[in-house]
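Step one of this worksheet: look at the structure below.
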Amino acid sequence: MEWQQLEYFRVVAKIEHFRKSAEHLAISQPALSRSINKLEKELGVTLFDRTGHSVQLNKFGQIFLKRVESGLNEISIGIKEINQLKNPYTGTVSLSFLQTLGLTILPEIISKFYNQYPHVEIQLYQNKILNSIQMLLNREVDLCLISSFKTYPNIIWHPLLNEELFLYVPANHRLAERSSVSLSELSEEKFIGFKEGLGMRKVINNFCEKAGFTPVIKFEGEDVPTLAGLVSSGLGVTIIPAFHGISSKKIKQISISEPYCHREIGLAWLIENALSPSAELFRNYVIEMF
């Protein structure tokens with residue numbers, strides 16, 4: 001059974017006349033008759049009651065037409081969707097990203113990309129780094145915007161930028177008027193930290209270790225606004241990317257001079273998995289942007 005046979009059947013069912021149907025389809029009437037006869041033979045039933053060149057659907061034909069129309073409509077939608085995916089300017093990109101990138105870096109990327117390519121759909125998934133990598137390995141997303149990670153043989157990670165990390169303290173803190181501090185000066189402080197399992201927790205612990213101490217974590221959170229909010233309430237200090245969601249009357253940002261605290265942010269994709277034209281367009285745009 002061929003798609004063309006089903007389309008011919010649908011046209012004859014609507015027009016109810018072989019010659020007129022053949023003219024509509026721009027084929028010969030004998031060719032149309034052979035196609036319908038072949039379809040009926042495959043099904044083992046007749047689909048039309050025939051009176052000369054005029055035809056009318058019988059009970060079998062009426063039942064079959066409902067399914068044929070549904071199937072052909074689905075095929076038509078599928079063809080349109082494939083054509084959209086083939087067009088880099090109207091397709092879809094799926095991107096997993098770290099929670100902590102949702103405030104500054106990601107919005108800037110999406111905004112600039114949409115200004116240039118407004119008809120590309122971007123599906124976003126906010127995740128921990130290991131979950132993002134797993135989604136990539138499972139081919140659930142095209143790309144990941146994440147910090148550096150342990151090497152995977154089938155994943156390419158392309159560095160984009162170094163994101164500086166800052167010390168945030170309550171506005172009445174002893175260090176609040178300083179423009180910069182050495183991380184070792186914080187060895188006695190109570191920290192508001194990221195939860196275990198989040199990439200930023202490990203990054204900050206490593207910098208504190210370089211400074212000669214292990215941070216005492218008083219409270220934990222999963223995102224930058226939560227940590228900053230706890231700091232503004234006077235519950236401790238934290239190290240996070242630049243954040244501007246709280247008044248400077250409540251919280252102060254201070255540069256860390258020693259060691260230089262930062263994290264590398266990059267774009268990851270599978271080596272052997274061919275990206276769709278839209279995903280490739282997005283990947284190249286982001287790389288060029290940085």
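None of the figures in this text is laboratory data; all of them are computed from the coordinates on show. Please read these numbers as outputs of a predicted model, since none were measured by experiment. Cβ atoms come from the backbone with ideal geometry, glycine included; neighbour counts cover every protein chain shown.
Annotations
- Amide H contacts of residue 147 (H built 1.01 Å from N, under 5 Å, at least 5 apart or other chain): 266
- For the chain, a crude dipole built from +1 on the beta carbon of Lys and Arg and -1 on the beta carbon of Asp and Glu, taken about the Cα centre, is about 680 debye to the nearest 20.
- In terms of the mean number of neighbouring beta-carbon atoms within 10 Å, the peptides 272-281, 66-75 order highest first as 272-281, 66-75.
- The value for the stretch 3-83 of Rg(Cα) / (2.2 N^0.38 Å) is 1.10.
- For the stretch 193-198, 3J(HN,Hα) per residue [Karplus equation, 6.51 cos²θ - 1.76 cosθ + 1.60, θ = phi - 60°, Hz, x = Gly/Pro]: x, 6, 5, 4, x, 8
- Comparing 90, 51, 226 in a Gaussian network model of the chain, where Cα atoms under 10 Å apart are tied by springs, the biggest mean-square fluctuation is seen for 51.
- Cut-off under 5 Å, modelled amide H: who pairs with residue 194 long-range: 221
- Residue-wise HN-Hα couplings along the stretch 157-162, as the Karplus relation 6.51 cos²θ - 1.76 cosθ + 1.60 with θ = phi - 60° gives them from phi, are 10, 9, x, 10, 7, 9 Hz; Gly and Pro carry x.
- Cα lying deepest toward the dipole's positive end in the chain, options 48, 36, 238, charges on Cβ: 48
- Approximate shape of the stretch 179-290 as ellipsoid semi-axes (Cα gyration tensor, √5λ), whole Å, largest first: 32, 17, 14
- Residues whose amide H comes within less than 5 Å of that of residue 48, counting only those at least five positions distant or on another chain, are 58 (H built at 1.01 Å from N in the peptide plane).
- Helix-only mean residue ellipticity at 222 nm for the chain, each DSSP H run of n ≥ 4 adding -39500 (n - 2.57), per residue, nearest 500: -13000 deg cm²/dmol
- Between residue 29 and residue 287, the distance separating the two model label sites (each 7 Å from Cα on the Cα→Cβ line) works out to 6.2 nm.
- A Förster distance of 25 Å, applied to the separation of the beta-carbon atoms of residue 87 and residue 38, puts the FRET efficiency at 0.10.
- Helix 29-43 vs. the chain, principal-axis angle (Cα, 0 to 90°, nearest 10): 70 degrees
- Top positive-direction residue, dipole computed over the chain with Cβ charges, set 65, 125, 89: 65
- Compared with the dominant Cα axis of the chain, that is its longest principal axis, helix 199-210 is turned about 20°.
- Neighbour counts of other Cβ atoms within 10 Å put 133, 27 in the fewest-to-most order 27, 133.
- For the stretch 3-83, the dipole from Cβ point charges (+1 on Lys and Arg, -1 on Asp and Glu) about the Cα centre works out to 180 debye, to the nearest 20.
- Local net charge near residue 55, Cβ-Cβ under 12 Å (Lys/Arg +1, Asp/Glu -1): +1
- In the chain, a dipole from Cβ-located charges (positive for Lys and Arg, negative for Asp and Glu) runs towards its positive end, and of 105, 170, 278 it is 278 whose Cα lies farthest in that direction.
- Charged side chains reduced to their Cβ positions (Lys and Arg at +1, Asp and Glu at -1) give the stretch 1-158 a dipole of some 280 debye around its Cα centre.
- Couplings for the stretch 87-99, taken from phi via the Karplus curve 6.51 cos²θ - 1.76 cosθ + 1.60 with θ = phi - 60°, read 8, x, 9, 9, x, 10, 10, 10, 9, 9, 9, 5, 3 Hz in order; Gly and Pro are left as x.
- Cβ-defined net charge surrounding residue 267, 13 Å radius [Lys, Arg +1; Asp, Glu -1]: -3
- Label-to-label distance for residue 175 and residue 56 is 9.0 nm, based on points extended 7 Å past Cα in the beta-carbon direction.
- The calculated Kirkwood hydrodynamic radius for the chain is 23.8 Å, given to one decimal from all distinct C-alpha pairs.
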